[in-house]
Amino acid sequence: MGSILIVYTSRVNETKGIAELIAEGVRQAGHQVQVKTAQQIETEKDLIGFDAYVFGSPTYHGEMLPSMKQVLFMAERAQLKDKPGGAFGAYGWSGEANKKIFDTMNYIFKMKMASGPLMIKASWVEDGVETAQAYGKEIADMI
């Protein structure tokens, strides 16, 4: 059984909802998961010891929220190379944060990433619940 860390930041709790759905998918796949806010990650030591990582932030004015940028700076020092990973976040129309987080994890941290960033606008849109849970299962299956 593996252990996955999901770290998110949220403005209006939609990204939080997506994080919780991803965590459900991880649990359904038989793995352990911890869900934390970006504010709960104080040093790179808080990121050490997991088998996979999923980071999420909403897109706000074309950017991820500053607290997620801080987590990514810490994650760079946490030696996550070759660990499975994923990226997600709620967005209105563009989803730049999801893509930037994914690219940072893939190209800078050199992690083994899921098929792409999770691109759903909100958990309640169309098949958002199933899609987010499937993303959690996909990452769990990479362990």
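Table: residues versus (1) touching a strand residue (DSSP E or B) at 6+ places or on another chain (Cβ under 8 Å); (2) among the small types (Gly, Ala, Ser); (3) under 13 Å from Lys137 (Cα atoms); (4) buried (at least 21 other Cβ atoms within 10 Å of the Cβ).
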site: Thr15; (1), (2), (3), (4): yes, no, no, yes
site: Ile22; (1), (2), (3), (4): yes, no, yes, yes
site: Val26; (1), (2), (3), (4): yes, no, yes, yes
site: Thr43; (1), (2), (3), (4): no, no, no, no
site: Ala52; (1), (2), (3), (4): yes, yes, yes, yes
site: Gly56; (1), (2), (3), (4): yes, yes, no, yes
site: Lys69; (1), (2), (3), (4): no, no, no, no
site: Phe73; (1), (2), (3), (4): no, no, no, no
site: Gly89; (1), (2), (3), (4): yes, yes, no, yes
Q.
Just the residues that are surrounded by fewer than 15 Cβ atoms within 10 Å (Cβ to Cβ), of a type outside the set (Lys, Arg) and at pLDDT 95 or above, please, taken from the range 96-115.
A. Asp103, Tyr107, Ile108
Q) Which pairs do you get when a residue that is over 17 Å from Gly95 (Cβ atoms), found in the range 111-135, comes within reach of a residue that is at pLDDT below 90 and not aliphatic (A, V, I, L, M), reach meaning Cβ atoms under 8 angstrom, with the pair 6+ apart or on two chains? A) Val129/Ser123
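Do we find that Gln39 is at pLDDT 95 or above, under 22 Å from Met74 (Cα atoms) and out of contact with any strand residue (DSSP E or B) (no Cβ under 7 Å at 6 or more places or on another chain) in this structure?
Values: at pLDDT 95 or above: yes; under 22 Å from Met74 (Cα atoms): yes; out of contact with any strand residue (DSSP E or B) (no Cβ under 7 Å at 6 or more places or on another chain): yes.
Yes; evaluated as a whole, the condition is true for this residue.
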Q: Looking at (1) aliphatic (A, V, I, L, M); (2) crowded, with 22+ Cβ neighbours inside 10 Å; (3) in contact with a Phe, Trp or Tyr (Cβ under 7 Å, 6 or more places away or on another chain); (4) farther than 16 Å from Ile18 by Cα, find the lone condition where Leu118 falls short.
A: (4)
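Go through the residues of the range 58-71 one by one and say whether even a single one is within 13 Å of the chain's Cα centre (by Cα) and over 12 Å from Ile101 (Cβ atoms).
no
The values are calculated or read from the model by the stated rules, or taken from the named source; none is laboratory data. These figures come from a predicted structure and were not determined experimentally. So basically every Cβ, Gly included, is an ideal-geometry build from the backbone, and we count neighbours across all protein chains shown.
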